[in-house]
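S.K.: Below: one structure in structure tokens.
The values are calculated or read from the model by the stated rules, or taken from the named source; none is laboratory data. Note that the coordinates shown come from a computational prediction; the quantities given were computed from them, not determined experimentally. Don't worry about glycine lacking a Cβ; one is built from the backbone with ideal geometry, like all the others, and counts go over all protein chains shown.
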Amino acid sequence: MAHETETQVKWLSTGVVAVTGALWALTPLAFLLVGDVEQAALSGVLLTGLLAVYTRVVAGHIAGGGPGPRALRTFALFAVVVYGSFPILGGVWIYTPLIVGTAGLLLLPFRTAVAVLVVVAVAEFPLTLALRTGLPTEGLQNSAGVLVAAVVAAGIVHYARFVRELREIRETLAEMAVDQDRVRMAGELHDLLGQTLASISLKTEIALAMVDRDRGRAVEEIKSTIAIAGEARAEIGDVVAARRSLSVGAELSSAVALLELAGATCDLRLGISEIDEETGDALGWIVREAATNIVRHSDARTCRIELGRVDGRIRLLVRNDGARPGGPGRGTGLEGLRQRVDRLGGELAAGETEEGGFEVRVWLPAVHDQERVISIDSCPAG
């Protein structure tokens, strides 16, 4: 989880900084357009240095960390470089105070950040009058532009942080679904074994007490203890078997609910109403694993699940958009499902789609056991 979070932070930070760097590059470009190569080079060096510091600020903010003990010094660095460069770079540098406003929103407490942003926007008016045309309308426009640009830039960083937090929530939901199933099974085993172990303990104590007085009674108690232990083992086997056997209809409904809870629109299409039990069990596990992988390893907005009969075989398709780089293609979960499918004489294929999504396709024999046919009853999506 920690490694995946670091990857998300790096990916989101790269995207935010790339957009920001492209906007900041307009200032050196403006110097080049007016033919001032030296000023373009100087402004480029200054902005590159600020962008390196800004990258660390963005990464820390997206990762969920607070401003930190050096936040005030970092903000002061932005302010000194930006405002200290005006005597050298002049009017073309006029829009760079938005960097100070953005840094304030990311590094300072909220009330202080708002006050700083207001000061930066107001200060833009006299700076424009002094360094540009001197027209009040341009000063007002620049003040408004710096204010809006700083809010938008900081908003993009906040949005990236929310995206990361949403992904973590979705991954937590998937983990909780698995943990809840384990807790249910643990509860069943506890209820089953609690009374059984108490009976075994009582009968063992009776047998020990009767060894010297009534050896025949002791033998009967031991035989009874062995019988109870055998029954308990059989009951545990039934519980485990029930957990290993999944209802494909219930898993389809659960998958739709989980995917829609994670924010995706799910299109469920059923082309069959009955299936044999062993094939349905295998498909149930595949649906569960595929839905869990979508929540954990994608930014899916749309999903499609199709189950039907094609060319005499059962066909299952689970497809989603928004696959992340380094997704579930080589995971042990899919490998385990592939082995289960192979045992039934079927085929499983998983991989990225041309549209940047991910899909799992499964083909299984249409009827594995004619005498064990179950119905598929699943709630529709949406």
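S.K.: Scanning for something assigned to a loop (DSSP other than H, G, I, E, B) and of a type outside the set (A, V, I, L, M), does the stretch 98-109 turn up at least one residue?
M.R.: Within the stretch 98-109, one or more residues are assigned to a loop (DSSP other than H, G, I, E, B) and of a type outside the set (A, V, I, L, M).
S.K.: Give the stretch 262-284 a look and list any residue that's over 30 Å from the mean Cα position of the chain (by Cα), surrounded by fewer than 13 Cβ atoms within 10 Å (Cβ to Cβ) and not small (Gly, Ala, Ser), or say none.
M.R.: Of everything in the stretch 262-284, just one residue is over 30 Å from the mean Cα position of the chain (by Cα), surrounded by fewer than 13 Cβ atoms within 10 Å (Cβ to Cβ) and not small (Gly, Ala, Ser), namely GLU274.
S.K.: Here is a list: GLY35, GLY49. Which entry is outside any helix (DSSP H, G or I) and in the same structural domain as LEU107 (by TED's automatic domain parsing)?
M.R.: Of GLY35, GLY49, the one residue that is outside any helix (DSSP H, G or I) and in the same structural domain as LEU107 (by TED's automatic domain parsing) is GLY35.
S.K.: Just one of (1) surrounded by fewer than 19 Cβ atoms within 10 Å (Cβ to Cβ); (2) within 25 Å of LEU42 (Cα to Cα); (3) more than 32 Å from the chain's Cα centre (by Cα) trips up ALA149, so point out which.
M.R.: All conditions pass for ALA149, except number (3).
S.K.: Just to be sure before I move on: is VAL178 aliphatic (A, V, I, L, M) and at pLDDT below 75 in the structure I sent?
M.R.: Yes.
S.K.: Turning to a different aspect of this structure: Residue under question is VAL9, and the condition is that it be modelled with pLDDT under 85 and either of a type in the set (Gly, Ala, Ser) or assigned by TED's automatic domain parsing to the domain that holds THR102 (or both); does it hold?
M.R.: Considered against the rule, which asks whether it is modelled with pLDDT under 85 and either of a type in the set (Gly, Ala, Ser) or assigned by TED's automatic domain parsing to the domain that holds THR102 (or both), VAL9 comes out as yes.
S.K.: If you don't mind, there's one more thing I want to ask. Given (1) surrounded by 15 or more Cβ atoms within 10 Å (Cβ to Cβ); (2) modelled with pLDDT under 80, identify the lone condition not met by ALA242.
M.R.: Going through (1) surrounded by 15 or more Cβ atoms within 10 Å (Cβ to Cβ); (2) modelled with pLDDT under 80 one by one, ALA242 breaks only (1).
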